[in-house]
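Taken together, the values in this text are just the output of simple stated rules run on the coordinates, not laboratory data. Since this is a predicted model, take the numbers as computed values, not measurements. Every residue, glycine among them, receives a Cβ derived from its backbone with ideal geometry; neighbour counts consider all protein chains shown.
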C-alpha cells in the first residue's frame, strides 16, 4: 500500500489527472495511508470500514463520502442480495471501498468505457457511472419483485391450491421489499445533494447526467411504494381465499352430514324395542328403504341446486 501511495503522489502533481482506486475489504491500516495522501476525515474512514451503514452522502472539507448498496433479486427464492459500497470523492480521485464481491465492478467499468466523451469531466464522470449502475441494480430488483408478485397472484387462483407455498413466498416477498425500500428511499436525498451547484468535486457540465440519475431514483422509489400495496394485497387475498376454501369445505361436509342423518334417523326409528306397524315384515322393510332413498334423493337434489355440494 505504501508503494501505491507513492505512485499516487506522483500522479496527483498533475491537476489534469483523475485517479480511481478500488479497494476490496481494506482495514484501518490500508485506509490510514490514503488518509494522509488525500486528507480523508477519520469519521469517513471509520464509516468506510464498518459494515451496514445507511445510504448517505457526507460532506467534509476536502472530500465527499458516499455509502450506497447494489441489489440483486434471486427470482427463484425471492431473496434480495445486497452489496455495500463506500466511496471517497475528491477533486482528482474516486476511491471505492467494496465490502464484498457482490457488486460487479466490471459492469461499472463497461459503463465508463461506453461514454469516453465524458471522461474529460474527471471525477464527476466516474461518480455518475458508478451511481447509474447502482441505481439500475435497484431498479431491476424492483422490477423483479414486481414480476415475483405477479407470479404469486397467478398462483392464488390456480385450480390446485398452493396455500403454504404462496404464504411462504409472500413473507419472503415482503421481507425483500422492506429491505429494498431501505436502500432505495435514502438515495433520493443522496443524489439530490449531488445536484447542488456548490460541490467543487463535480463539474457543472455533469449536472444534467446526475439529474437523469435522480429521475431513475424517483422511478425506483415510486415502484417500491406501489409494490408495498401489491404485496399487502397478495398476502390478504391469500388469507381470504384460504377462508373461502375452508367455508366451502365446511359447507359440503355439513350437506353430506345432513344427508347421512336421514338413513341414520330412519333405521334408528325402526330399531325400537316396541311394537309398531310393519315390525318384522317385508312391508316394513320396503317402507323404510323407500323413505331413505326418497329423502336422501330430495336432500341431494336440493343441496346440489343451492351449490352446497
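Computed from the Kirkwood radius of its Cα pairs, the Stokes-Einstein diffusion coefficient for the stretch 34-154 at 10 °C and 1.306 mPa s stands at 101 µm²/s. The fraction of Cα-Cα pairs per 10 angstrom bin, counted from 0 for the stretch 2-244, comes to 7, 29, 30, 17, 10, 5, 1, 0 percent, rounded to whole percents. Axis of helix 105-114 versus longest Cα principal axis of the chain: the two differ by about 60°, to the nearest ten degrees.
For residue 254 and residue 52, calculate 0.36 nm times their separation in residues minus their Cα-Cα distance, and state this gained length in nm to one decimal.
On the way: separation 202, 0.36 × 202 = 72.72 nm, distance 5.58 nm.
Length difference between fully extended and current span is 67.1 nm.
The ranking of 82, 264 from fewest to most other beta carbons within 10 Å of each one's beta carbon is 264, 82. Taking each residue as 0.36 nm, the span from residue 288 to residue 185 lengthens on full extension beyond its C-alpha to C-alpha distance by 29.5 nm.
Would you please put 126-135, 25-34 in order of how densely packed they are, using the mean number of other Cβ atoms within 10 angstrom per residue and starting with the highest?
Details: 126-135: 22.9, 25-34: 15.5.
Highest mean packing first, the order is 126-135, 25-34.
Taking the fewest neighbouring Cβ atoms within 10 Å as the starting point, the ordered list for 110, 37 is 110, 37. Note the angle between two axes, namely the Cα long axis of helix 2-12 and the longest principal axis of the Cα atoms of the chain, as a number of degrees from 0 to 90, rounded to the nearest 10. The two axes meet at around 70 degrees. Shape class for the stretch 132-249: prolate, because the ratio a/c of the largest to smallest gyration tensor axis (alpha-carbon atoms, square roots of eigenvalues) is 1.5 or more and a/b beats b/c. Angle of helix 207-270 to the longest C-alpha principal axis of the chain, folded into 0 to 90 degrees and rounded to 10: 10°.
Of the residues 17, 166, the one with the fewest other Cβ atoms within 10 Å heads the list, and the complete ranking is 17, 166. Note on residue 267 and residue 91: the extension gain reaches 53.6 nm, defined as 0.36 nm multiplied by sequence separation minus the Cα-Cα distance.
Nearest 0.05, what FRET efficiency do residue 218 and residue 111 give at R0 = 25 Å with Cβ-Cβ as r? Before the final figure, lay out the partial values.
Working: r = 20 Å, r/R0 = 0.81.
Given R0 = 25 Å and the Cβ-Cβ separation, E is 0.80.
By the helix-only formula, in which each DSSP H run with n ≥ 4 contributes -39500 (n - 2.57) and the sum is divided by residues, the chain has a 222 nm mean residue ellipticity of -22000 deg cm²/dmol.
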